[in-house]
Amino acid sequence: MQHIIDRFISYVTIDTESDPTSETTPSTKKQWDLANLLVDELKQIGLSDVTIDENAYIMATLPSNVDHEVPTIGFVSHFDTSPDFTGANVNPQIVPNYDGKDIVLNAEQNIVLSPDYFEDLLLYKGNTLITTDGTTLLGADDKAGICEIVSAMEYLINHPEIKHGKIRIGFTPDEEIGRGAHKFDVEKFGADWAYTMDGSEIGELEYENFNAASAKIDIKGKIVHPGYAKGKMINSILIANEIINSLPQHEVPQETTDREGFYHLHTTKGSVEESSLEYIIRDHDKAKFEARKELFEKIAADINSRYSYDPVTLVLKDQYYNMREKVEPVFHIVEIAEEAMKALNITPIIKPIRGGTDGSQLSFMGLPCPNIFAGGHNFHGRYEYVPVESIMSAIDVIVKITELTAKKYKK
C-alpha cells in the first residue's frame, strides 16, 4: 500500500492546473513538469514505445505475452487539474483506519470534512483516506487514474504469469478545460477500444454522458442620463435579467439529477450599456439537447424583434456528445469491465455521467471509451479525498480487464 501512496503523492504535489484562457497545448507550462516525470517513470518500470509529443500527450505500450490474436486495449487518464480551485502547494493528509467521524483538515481555518455533509465518507470506514489540508484541491481527478494505470502496468510487468494482449496507455493534458482529447492521435494510439480511469466512487462504470454546449450572450444597451432617459435608455442588465427569467427556473444543476438536463449560468457581467451571460447547456437526450439550444435562439429572436436594432447576440457552440451511441454497438467492452468488477467482488454501479470525459470525445474520434472509477470524491475543491483501497481496487480492475480480454479471444 505504501508504494501506491508514495506514487500518488508524488503526482499530486506537482501543480498541473490548466488554464481555459490559454491558447497553447498544454494550456500551462507547469503541466510539463508531471508529464516529463511520467515519461521517465514509464521507461523505468519497463514499458516500451514511450513517447511524448509537442503537446505533452504521452503514450506507451505493454506488449502482448500470449501467442494468439487479442484486440489491443487502452487505458487513458489526464494529468491536469481543474482551474476551479488552486492546485498549488498541495499538502496531502493521510488518515489511516478512518473511524467515520469528522476529519479536521485545517484547525486554524476551521475547515472540516464531515460525514454529516459528505455522507459518502461513511462508505469508507476502516479505509486509509488521503485528503487535502483544506487550502487546495487534492488532484485525485485524475492523478488517481494516472497512479492506477502506471501501477497496473508495473504489476503486469512483474507478474508475467498473468496473460494479456497488447496494452496501450495514454495520458493527456487539459481535460479539465474540455480539450483533453482535442489533439489525441487515435490512429497512433492504435487501440481497438479503451477505458478512461476518471470516475469517482468505487464500482462506477459509465458509458453515457451529457450532450454539451455553451451559450455566450452579449447584450448591447444604450446609456443616457437617467433624468432624461424616457424613451431613450435601454438597460442591458434588465435585458439580461429577462433572458435569465425566460429559462425554466428549476432546470438548473442544483435541482436536477440522473438523466435530467439543465441550463447553468456560470458567468455574468453587466452595466447599463453592456452585459454578458455565459451558460453551459447539458442533456443526455439528443432531442432535448437540441430543444434547449433552440430555446436560447427563440428568446434572443423575441427580444431583438422588439427593438430597432439587435441588442442580443447569441453564440452557441457544441462541446461534446453522449458517447452512448458509439459504445452501444460494441457493448461487450462494457460487459468485460463489468465482469472484471464482479470477479473482484466489486458491485458495478452503471449510471450516466453528469458531466463530460475524454472518453466522450475519443468515442466520437473512433476509439470507444467507457469510463471506470478512479476512487476520488468531492473533486475540484478543498474537500476532495480518495480512499487508498479504492485506488488499489481500480488497479485490480485494470489487471483483470486485460486478463479477461486475453481469455475471451483465446481459440
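Structure above, values below:
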item: Every pair of residues 6+ apart whose Cβ atoms lie under 6 Å, when the first sits in region 341-367 and is open to solvent by 20 Å² or more (accessible area, probe 1.4 Å) while the second is at pLDDT below 90; result: Gly356/Tyr320; Gln361/Tyr320
item: Unique match (being assigned to a helix (DSSP H, G or I) and among the β-branched types (Val, Ile, Thr)) among Ile149, Ile162, Ile169; result: Ile149
item: For Lys269: the one exception among (1) of a type in the set (Lys, Arg); (2) part of a strand (DSSP E or B); (3) within 30 Å of Lys351 (Cβ to Cβ); (4) open to solvent by 70 Å² or more (accessible area, probe 1.4 Å); result: (3)
item: Odd one out for Ala229 among (1) touching a residue at least 12 places away in the same chain (Cβ under 8 Å); (2) open to solvent by less than 30 Å² (accessible area, probe 1.4 Å); result: (1)
item: Residue list for region 130-145, restricted to those being assigned to a helix (DSSP H, G or I) and either open to solvent by 10 Å² or more (accessible area, probe 1.4 Å) or at positive phi (or both); result: Asp141
item: Residue match in region 331-341 (condition: of a type in the set (Gly, Ala, Ser) and assigned to a loop (DSSP other than H, G, I, E, B)); result: no
item: Qualifying residues in region 1-26 (those that are part of a loop (DSSP other than H, G, I, E, B) and over 19 Å from Asn89 (Cα atoms)) - the one least open to solvent (accessible area, probe 1.4 Å); result: Pro26
item: Meets criteria (open to solvent by less than 40 Å² (accessible area, probe 1.4 Å), within 27 Å of Phe296 (Cα to Cα) and not polar (S, T, N, Q)) for Ile237; result: no
item: The listed residue being touching a residue at least 60 places away in the same chain (Cβ under 8 Å), open to solvent by less than 40 Å² (accessible area, probe 1.4 Å) and closer than 29 Å to Glu69 by Cα, out of Gly221, Gly178, Gly199, Gly165; result: Gly165
item: Some residue of region 351-370 being within 15 Å of Phe75 (Cβ to Cβ), modelled with pLDDT under 95, part of a helix (DSSP H, G or I) and under 12 Å from the mean Cα position of the chain (by Cα); result: yes
item: Pair list, Cβ under 6 Å, 6 or more apart: region 100-115 residue under 15 Å from Leu137 (Cα atoms) and open to solvent by 40 Å² or more (accessible area, probe 1.4 Å), other residue modelled with pLDDT of 95 or more and not in a strand (DSSP E or B); result: Val112/Asp102
item: Only listed residue being modelled with pLDDT of 95 or more, open to solvent by 80 Å² or more (accessible area, probe 1.4 Å) and among the acidic types (Asp, Glu), chosen from Glu242, Glu297, Glu278, Glu251; result: Glu297
item: Region 65-81 - residue that is surrounded by fewer than 20 Cβ atoms within 10 Å (Cβ to Cβ) and in contact with a strand residue (DSSP E or B) (Cβ under 8 Å, 6 or more places away or on another chain) and, of those, farthest from Gly381 (Cα to Cα); result: Pro71
item: All positions within region 37-54 that are under 15 Å from Gly190 (Cβ atoms) and out of contact with any Phe, Trp or Tyr (no Cβ under 9 Å at 6 or more places or on another chain); result: Leu47, Ser48, Asp49, Val50, Asp53
item: Some residue of region 321-333 being acidic (Asp, Glu) and more than 30 Å from Thr135 (Cβ to Cβ); result: yes
item: Criterion violated by Ile52 - all others in (1) open to solvent by less than 40 Å² (accessible area, probe 1.4 Å); (2) under 27 Å from Pro160 (Cα atoms); (3) among the hydrophobic types (A, V, I, L, M, F, W, C) satisfied; result: (1)
item: Some residue of region 64-73 being out of contact with any helix residue (DSSP H, G or I) (no Cβ under 8 Å at 6 or more places or on another chain) and in a strand (DSSP E or B); result: no
item: Of all residues making up region 1-36, the number that are among the β-branched types (Val, Ile, Thr), within 17 Å of Thr86 (Cα to Cα), out of contact with any Lys or Arg (no Cβ under 7 Å at 6 or more places or on another chain) and in contact (Cβ under 8 Å) with a residue 24 or more places away in the chain; result: 3
item: Verdict on Gly376 being crowded, with 24+ Cβ neighbours inside 10 Å and under 30 Å from Gln93 (Cβ atoms); result: yes
item: All positions within region 37-48 that are free of Cβ contacts under 8 Å to residues at least 40 places away in the same chain and surrounded by 13 or more Cβ atoms within 10 Å (Cβ to Cβ); result: Leu37, Val39
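The values are calculated or read from the model by the stated rules, or taken from the named source; none is laboratory data. All figures in this text were calculated on a predicted structure; none of them were measured in a lab. Ideal geometry is used to build each Cβ from the backbone, glycine not excepted, and the neighbour counts take in all protein chains shown. Protein only, heavy atoms only, side chains kept; ligands, DNA and RNA dropped before computing areas. Shrake-Rupley method; radii C 1.70, N 1.55, O 1.52, S 1.80 Å.
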